[in-house]
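Here's the structure, in C-alpha cells; my notes come after.
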Amino acid sequence: MTVDGRTASEKILSRASGMLKARAGDIVEAGPDLVMSHENTYLVNRSFSEFGLPRPWDPDKVVVVLDHRTPANNAQTAAVHASIRKLVTKYGVGRFFDSGEGICHQLLVEERLARPGQLILGTDSHTTTEGAVGAFATGIGATEMAGVWATGSLWLKIPKTVLVNLSGHLMKGTCAKDVALSLAKIIGPSGADYRCMEFVGTLVADLPMASRMVLCNMAVEMGAKAAMVSPDIVTKEWFRGYGEDALTVVASDEDAEFERRVESDVSRMPPIVSGPHKVEEAKSVDKFEGVRIDQAFIGTCTNGRLEDLLAAARILKGRKVAQGCRLIVAPASRRVLTDAIDHGAVQTITQAGGVVLTPGCGPCMGAHGGVLGPGEVCISTSNRNFPGRMGSEEAEIYLASPMTVAASAVAGKIADPRRMLE
Amino acid sequence: MSVRGRIWLFGHDINTDLIMPGRYLDNYDPAHLAQHAMEGANKKFASGVRKGDIVVSGKNFGCGSSREQAVTALKHSGVSAVIAESFARIFYRNAINLGLPVVVSPTAHAVFGDGDIAMLDVDALVLGSSDGAKSAPLEPIPSHVKTILGMGGLVPYVKAKLAAKEA
Ligand code: SF4
C-alpha cells in the first residue's frame with residue numbers, strides 16, 4: 001500500500017529540487033533558500049576560489065557570522081576574521097554578523113532569516129536548530145558549501161522521519177534541555193542517523209520557540225540530519241511578535257509515512273545530567289549530586305537564550321557562586337544580552353559572582369573564554385561533553401539545564417535545582 | 001582502487017573532537033592538522049601512521065561537528081581509506097568531497113586487529129589481510145558518490161560541471 005500523505009521533509013525537498021513527487025530515499029539536487037557559514041567561511045572560500053567565479057551564485061542568500069572565536073583569541077584568528085570581513089564586502093553577501101553579534105543559529109532564527117518551509121544549509125552540525133521554525137535545516141562541510149556557492153545546489157537524500165511524540169507537563173525545575181538529554185539516552189548517539197526528527201505532541205505544542213530550538217539543536221547528538229517542529233500557533237505568534245503575518249506553512253500530513261515513533265511522557269521526569277564524555281550517559285540529577293566542580297558554564301546555541309538566563313537568574317538571586325568555582329555566562333546574541341540586562345538577569349548573575357562574556361560560542365569548543373585544564377570538572381548547558389571538547393582531554397564535562405548549572409555553581413558541586421526553587 | 005597498509009583499529013562513536021580537537025582549529029594548515037590527527041583516540045597515531053594505512057572503526061564514525069578538518073587531518077596524514085560499520089553523515093560527505101574513500105563494512109571492525117597488514121580493494125569490495133587469513137566484505141559505494149570520488153573530490157567535480165555548463 002502506498003500512502004498519499006507526505007512528510008514535511010518530503011514536501012520541502014521536493015519543492016527545493018523541483019522533483020515534485022520525490023519521496024524519502026530519493027536523491028535530489030536541491031537549491032537552498034539560505035546558506036550560512038561562520039569562521040569556516042575561510043575554508044569555504046579556499047575551495048570556492050578554485051572555481052574562478054566572481055561571487056557566490058546568489059549573494060543575497062548567503063549569511064556569514066563570526067561567532068566561534070570572538071573577539072579573536074589569537075593573532076591567527078584575527079587574521080582569519082579580517083580576511084572574512086574583506087570577503088563579505090567583495091562578494092556583497094546578504095547578511096554579515098561580525099564578532100559579538102551572537103551565535104549563528106541564534107541569529108538565523110532571531111533575525112527571522114530562517115523561515116518555515118525553507119531549505120537551509122549551514123557549515124555547522126547544529127544547523128538542525130533552525131528547524132524549530134519549521135525549516136529543513138542541515139549541516140554540511142566547508143568544501144560542500146563552496147560547491148553550493150558555485151552552483152546554487154547540492155545532492156541530498158530525502159530522509160525518513162522519526163516522529164517524537166512528547167506528552168505531559170514539565171515538573172518544577174525541569175525544561176526542554178532535560179527532555180533533550182533524556183531523548184539522547186532513549187535514542188542513542190546514532191539512533192536517528194540520516195533521519196529527520198520531528199517533534200510533536202501536547203508538550204511541544206506548549207513550548208515556546210526558544211525551547212523548541214533546544215530540542216532541534218540536540219537532535220544532531222542523536223545523529224539526525226534535520227529536526228523540525230511543524231509551524232503552529234506558537235510559530236505564528238512568534239513571527240507576529242516581530243510584525244510578520246504572512247507565513248508559508250509546510251507541515252507533515254497526518255497520514256505521512258513515519259519510519260518510527262518514539263513516545264515519551266515527561267510528567268515525572270526529574271532534572272537530567274549527562275555524565276562525562278557521552279551525551280547519552282543521561283541520568284537523574286541525584287545520581288551525580290555532590291560531584292565537585294571547578295566551572296559552571298551557561299550559554300551556547302543550546303541554552304544561551306533569554307529564557308535560559310532568566311531561569312539561571314531565578315536560582316542565583318540572592319545567592320553566591322561557591323568559593324573555588326567559576327560561573328561563566330555567554331549570551332547567545334547581543335539581543336539576548338540586552339534583554340537580559342533589561343530584565344535584571346545580568347546584574348543578578350554578576351552580583352552572584354558570575355562573569356558575562358561576549359555574545360557568541362564562548363568556551364563551548366575549547367577555543368577561549370573558559371578553557372578547561374587537566375583534571376578540571378565543568379558542568380555546562382552546551383550539547384557535547386566529548387573528551388577535549390572544552391580544552392584538556394583530562395577534563396570532565398557534565399551537561400545539564402541552565403537551572404541545574406546555576407544551582408551547581410552555587411553549591412560548588414552538582415546540585416538539584418529544585419532545592420533552590422522553594 | 002587497491003592499496004596495502006597497516007590497520008588502525010578504533011571503536012564506536014569516534015567523534016570529531018577525538019579525530020581533530022577544536023583547540024587546534026585556529027590554524028588551517030593541513031600539515032599542522034595532520035600532526036594532531038586522532039589525538040583524542042590514539043596518541044601514537046599521528047607519529048606512527050604511514051602512507052596507505054587504513055582506519056577501521058565501528059559504528060557512527062565521525063559523529064559530532066561539521067568540521068572538515070577532521071577529514072583533512074586524516075587524508076594529509078597519509079590514510080588511504082576509512083572503513084567503518086557506519087558513518088555520521090556530515091563526516092561521510094566531507095570525506096567524499098575531499099576525495100578520501102570511506103566505505104561501509106559491517107564486519108571489518110570485528111574481524112581485523114590493530115596493526116594487521118591488509119589489502120583494500122575498493123572495486124572488488126573486499127578488505128583482506130596480507131596473509132590471507134582474514135577478510136571482510138565491503139558495501140558497494142553508491143554511484144553518485146563514486147562519481148565524485150572518482151574525480152578526486154568535489155572541487156574537480158564542480159569544476160567539470162561548470163565547464164560543461166559553459167561549453
Ligand atoms: S555554541 Fe558550541 S555547539 Fe553551538 S555553534 Fe557554537 S561551538 Fe558549535
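Every number here is computed from the coordinates shown, using simple stated rules; none is lab data. These numbers come from a predicted model, not from an experiment. Every residue, glycine as well, gets a Cβ built from its backbone with ideal geometry; the counts of neighbours run over all protein chains shown.
Could you point to the residue in B:2, B:73, B:25 farthest towards the positive end of the stretch B:2-140's charge dipole, with +1 and -1 charges on the Cβ of Lys/Arg and Asp/Glu respectively?
Comparing the listed Cα positions along the dipole, B:25 ranks first.
Can you give me the relative contact order of the stretch B:1-66 as a percent, contacts being Cα pairs under 8 Å and 6 or more apart?
53 percent
Using a Förster distance of 25 Å, how high is the FRET efficiency between residue A:338 and residue A:232, based on the Cβ-Cβ distance and rounded to 0.05?
Given R0 = 25 Å and the Cβ-Cβ separation, E is 0.30.
Residue B:160: net charge of surrounding residues, Cβ under 13 Å, Lys/Arg +1, Asp/Glu -1, itself excluded?
Summing Lys and Arg as +1 and Asp and Glu as -1 gives +1.
In peptide A:26-32, how many Cβ atoms from other protein chains are near each Cβ within 10 Å, on average?
For this peptide, the per-residue mean of nearby foreign Cβ atoms is 1.
Over the stretch A:124-276, what portion of Cα pair distances is larger than 19 Å, expressed as a whole percent?
54 percent
Could you state the orientation-averaged shadow area of the convex hull built on the Cα atoms of the stretch B:89-167, in nm² to one decimal?
Approximately 6.2 nm², given one-decimal rounding.
For every helix of n ≥ 4 consecutive DSSP H residues, a contribution of -39,500 (n - 2.57) applies; sum these over chain A, divide by its total residues, and give [θ] at 222 nm rounded to the nearest 500 deg cm²/dmol.
-8500 deg cm²/dmol
Mind ordering B:154-164, A:145-155 by average Cβ neighbours within 10 Å, highest first?
The most tightly packed comes first, giving A:145-155, B:154-164.
Using only the Cα atoms of the stretch A:276-420, construct the convex hull and provide its projected area averaged over every direction, in square nanometres to one decimal.
7.2 nm²
Calculate the dipole size of the protein assembly as shown relative to its Cα centre from +1 charges on Lys and Arg beta carbons and -1 charges on Asp and Glu beta carbons; express the result in debye to the nearest 20.
For the protein assembly as shown, the charge dipole is close to 720 debye.
So in the protein assembly as shown, what percent of DSSP beta bridges are antiparallel if you round to the nearest 5?
Antiparallel bridges make up about 30 percent of those DSSP assigns within the protein assembly as shown.
Can you tell which of B:112, B:150, B:83 lies farthest toward the positive end of the dipole of chain B, using +1 and -1 charges on the Cβ of basic and acidic side chains (Lys, Arg; Asp, Glu)?
The listed residue farthest towards the positive side: B:150.
Between residue A:283 and residue A:53, what FRET efficiency follows from the Cβ-Cβ distance if R0 is 41 Å, with the result rounded to 0.05?
0.20
Relative contact order (percent) for chain A, with alpha-carbon contacts under 8 angstrom and 6 or more residues of separation?
Rounded, it is 18 percent for chain A.
Exactly which chymotrypsin sites (Phe, Trp or Tyr not before Pro) in the stretch A:202-257 are in a DSSP loop and have at most 10 other Cβ atoms within 10 Å?
Passing sites in the stretch A:202-257 are A:242.
Could you tell me how many cubic angstrom of Cα convex hull volume the stretch A:62-118 has per residue?
Considering the Cα atoms of the stretch A:62-118, their hull volume per residue is 71 Å³.
May I ask you to derive the relative contact order of chain B, considering only C-alpha pairs under 8 Å and at least 6 residues apart, and to give it as an integer percent?
This gives 24 percent for chain B.
Ignoring everything except DSSP H segments at least 4 long, calculate the 222 nm mean residue ellipticity for chain B; use -39,500 (n - 2.57) per segment, divide by total residues, nearest 500.
-8000 deg cm²/dmol
Relative to a virtual label point 7 Å from the Cα of residue A:240 in the Cα→beta-carbon direction, which members of the stretch A:179-205 show backbone nitrogen distances below 18 Å?
In the stretch A:179-205, the label zone of residue A:240 (backbone N under 18 Å from the point 7 Å along Cα→Cβ) covers A:205.
Please work out the Cα convex hull volume for the protein assembly as shown and give it in Å³ per residue.
Taking the convex hull of the Cα positions in the protein assembly as shown, it is 150 Å³ per residue.
What three numbers, in Å, describe the spread of the alpha carbons of the stretch A:1-76 along their principal axes, ordered from the longest?
So the three principal-axis extents are 61, 29, 21 Å.
For a distance above 27 Å, tell me the whole-number percent of Cα pairs in the stretch B:2-140 that qualify.
Across the stretch B:2-140, Cα pairs with separations above 27 Å total 11 percent.
What are the trypsin sites (Lys or Arg not before Pro) within the stretch A:288-340 that DSSP puts in a loop, where the Cβ has at most 14 other Cβ atoms within 10 Å?
Of the trypsin sites (Lys or Arg not before Pro), the ones in loops of the stretch A:288-340 whose Cβ has at most 14 other Cβ atoms within 10 Å are A:320.
Kindly provide the trypsin sites (Lys or Arg not before Pro) of the stretch A:104-201 that DSSP labels as loop, not H, G, I, E or B, and whose Cβ sees at most 11 other Cβ atoms within 10 Å.
A:172
Run the quick spin-label model on residue B:135 and residue B:35: label points 7 Å from Cα toward the beta carbon, then report their separation in nm to one decimal.
4.2 nm
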